[in-house]
1. Which pairs have Cβ atoms under 8 Å, sit 6 or more apart or on different chains, and link a residue in the stretch 120-133 that is within 11 Å of VAL68 (Cα to Cα) to one that is hydroxyl-bearing (Ser, Thr, Tyr) and surrounded by 14 or more Cβ atoms within 10 Å (Cβ to Cβ)?
2. Would you check which residues across the stretch 153-192 are among the charged types (D, E, K, R) and in contact with a His (Cβ under 8 Å, 6 or more places away or on another chain) and list them?
3. For PRO128, all conditions in the list (1) farther than 21 Å from SER63 by Cβ; (2) at pLDDT below 95 hold save one; what is the number of the exception?
4. Are there any pairs with C-beta distances below 8 angstrom linking a residue in the stretch 163-174 that is in contact (Cβ under 8 Å) with a residue 40 or more places away in the chain to a residue that is polar (S, T, N, Q) and crowded, with 20+ Cβ neighbours inside 10 Å, with the two at least 6 apart or on different chains, and if so which?
5. Can you work out which of the residues in the stretch 60-117 that are within 18 Å of the chain's Cα centre (by Cα) and among the charged types (D, E, K, R) is farthest from ARG203 (Cα to Cα)?
Amino acid sequence: MNNKDYLNKIASENRPLSQPAPGFFGSKLNLSMKQLKILGIVAGAIFLVMIIAMIATSGNKNSERDYVDQAYLRATNLEKVIVEHNKKLKSSELRSIATSLVSILSENSFILATSLTEDFGAKGVGEPEKKSLLEDEEAHRAELNDTLEAGRLNGLLDRVFAREFAYQTSMLISLEENIITRTKKENLKSKLTTSIANLEQVRDRFDSFEAK
């Protein structure tokens with residue numbers, strides 16, 4: 001299963017059932033001309049706000065370096081989380097899979113750090129140009145730690161760990177695929193392609209463990 005199919009599978013399993021909501025067009029309307037004018041003004045104002053938001057968002061898109069920064073932070077943070085929780089796992093098989101992922105993540109971090117300094121002239125790795133990335137990735141790590149700790153307290157750490165790292169590995173793959181589609185740096189593209197293949201293998205091992 002490729003990464004896109006895997007993420008679609010996760011999304012479909014967790015997608016809530018939609019229910020029609022009542023609204024203006026779900027009931028009969030009996031509006032005066034004055035009310036129609038007010039609705040028109042409100043609709044126009046909402047449309048203007050949406051246009052402004054779209055313009056603001058379009059100027060805040062991630063650059064190629066932003067994706068490299070984010071992938072580096074994600075890889076290093078995932079490695080820290082594994083090191084913290086790996087010794088608490090009951091299954092020796094799961095600890096072995098996690099150790100394999102640590103090795104891949106360490107290699108990933110080296111590849112991305114080298115690119116940041118050599119390709120993008122970064123003065124220090126782990127210091128992204130977009131400062132919000134650092135805050136976002138720290139929050140992501142904290143949330144993952146909380147999820148794993150909750151699993152431990154409920155006696156379900158192994159199952160939660162396998163599920164979470166199947167998903168987290170797939171998300172890292174997506175970040176690296178974003179870099180590949182944007183970069184013209186052939187050396188970086190080649191190394192990340194190999195990295196993704198390794199990540200997919202370990203992701204599938206986590207997925208198979210969870211399914212047992």
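The values are calculated or read from the model by the stated rules, or taken from the named source; none is laboratory data. From a predicted model like this one, the values you see are computed outputs, not experimental measurements. Positions of Cβ are backbone-derived with ideal geometry, glycine not excepted, and every protein chain shown enters the neighbour counts.
1. From residues that are within 11 Å of VAL68 (Cα to Cα), the pairs are VAL125/TYR72; GLY126/TYR72; GLY126/THR76.
2. Residues satisfying the conditions do not exist here.
3. Condition (1) is where PRO128 drops out.
4. LEU172/ASN108
5. Ranking the candidates gives LYS61 first.
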